[in-house]
Amino acid sequence: MKGTVYSKEGKELRTIELDDAVFGLPVNDEVIWHAINNELANKRLGTASTKDRGEIHGSNARPYRQKGTGRARRGDKKSPLLVGGGTIFGPKPRDFSYTIPKKAKRLAMKTILSLKMQSGILKVVEDFSIESGKTRDLAKLLDNFGTPERTVIILKDDDQRTKRAAANIPWLSYLSYNRLRAHDLFYGRRVLLLETAAKNLNEFYNKNAKDTEQKTGAGA
């Protein structure tokens, strides 16, 4: 499929060949859901903790005698039914992370890229780098592509100066072409894909697909 390359000023420059297997796939809602939930689960700290009645500090003695008072029997003041008592089935520290198949994760990324391309949200932009590393220089460049909104920039490499400039813009996320995040990409209202990153994505996903086929064939 053909795509349009935009200049840093937001004007059309030329066309670029984009792989249909990366940017022209039908939308797969299920695999996107799994990829996003996997990322959110892996980010959870799992540090929430409560004390049960065995961990509460206090006496094991009954607060009052068992019979003759007309009230319900009480074992001790640490009962979950009393204020200050233990918690019933409360959370404990745990690991929420899990893995999903690599093929499913790659398919999710390609599906999201296709969705953004088909909806006109994704734009291929000529390569740029914020050499000054200043936020205001990057903000001026982004103004050429519309009003401030949730934006994702897909970089062609580990551009530290551009990342430094983007760090102070709350509605801007930056991703490397080989380390995409489904959550940021899916919820981005504007996706700017650098021209070299677009070519790298074509090669990256095609290479992974060939490697998977070779391993599958060898295993068979």
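The values are calculated or read from the model by the stated rules, or taken from the named source; none is laboratory data. What you see is a predicted model; the values in this text were computed from it and never measured. All Cβ positions, even for glycine, are placed from backbone atoms using ideal geometry, and neighbour counts span all protein chains on display. All accessible areas refer to the heavy atoms of the entire protein, side chains included, with ligands and DNA or RNA removed. Shrake-Rupley method; radii C 1.70, N 1.55, O 1.52, S 1.80 Å.
Peptides 41-52, 186-197 ranked from most to least packed, by the mean per-residue count of other Cβ atoms within 10 Å: 186-197, 41-52. With all protein chains kept in place, the per residue accessible area of the chain amounts to 62 square angstrom at a probe of 1.4 angstrom. Picking from P26, L201, G58, whose Cα lies most toward the positive end of the charge dipole for the chain (charges on Cβ: Lys, Arg +1; Asp, Glu -1)? Looking along the dipole axis, the top candidate is G58.
As a rough guide to protection, the peptides 23-29, 159-165, 58-64, 105-111 ranked by mean Cβ packing within 10 Å, highest first, stand as 105-111, 159-165, 23-29, 58-64. Relative to the longest principal axis of the Cα atoms of the chain, helix 195-219 runs at roughly 70 degrees. Summing +1 for each Lys or Arg and -1 for each Asp or Glu among the other residues whose beta-carbon sits under 13 angstrom from that of N28 gives +2. Under the convention that each Lys and Arg Cβ holds +1 and each Asp and Glu Cβ holds -1, the size of the dipole of the range 83-180 around its Cα centre is about 480 debye. Between G86, L115, S132, the Cα set farthest toward the positive side of the dipole of the range 69-134 (charges on each charged residue's Cβ, about the Cα centre) is that of G86. In the chain, the calculated helix contribution to ellipticity at 222 nm averages -11500 deg cm²/dmol per residue, counting -39,500 (n - 2.57) for every DSSP H run with n ≥ 4. Our summary gives the range 84-220 a relative contact order of 28 percent, counting only alpha carbon pairs under 8 angstrom and 6 or more residues apart.
So if I take the centroid of the Cα atoms in the range 161-198 and the same for the range 1-77, what is the distance between those two points in Å? When both Cα centres are located, 22 Å separates them.
For a straight C-alpha distance cut-off of 21 angstrom, the lysines reachable from K51 (same-chain residues fewer than eight places away being disregarded) are K77, K78, K92. Taking 26 Å as the straight-line reach from the Cα of K207, the lysines in range (excluding those fewer than 8 positions away in the same chain) are K2, K102, K103, K105, K110, K116, K123, K156, K199, K215.
The charge dipole of the chain, taken about the Cα centre with unit charges on the Cβ atoms of Lys, Arg (+1) and Asp, Glu (-1), comes to about 1920 debye, rounded to the nearest 20.
Given (i) 17.4; (ii) 21.3; (iii) 18.8, which label gives Kirkwood radius over Cα pairs in Å as computed from the coordinates? Answer label, from the structure shown: (ii).
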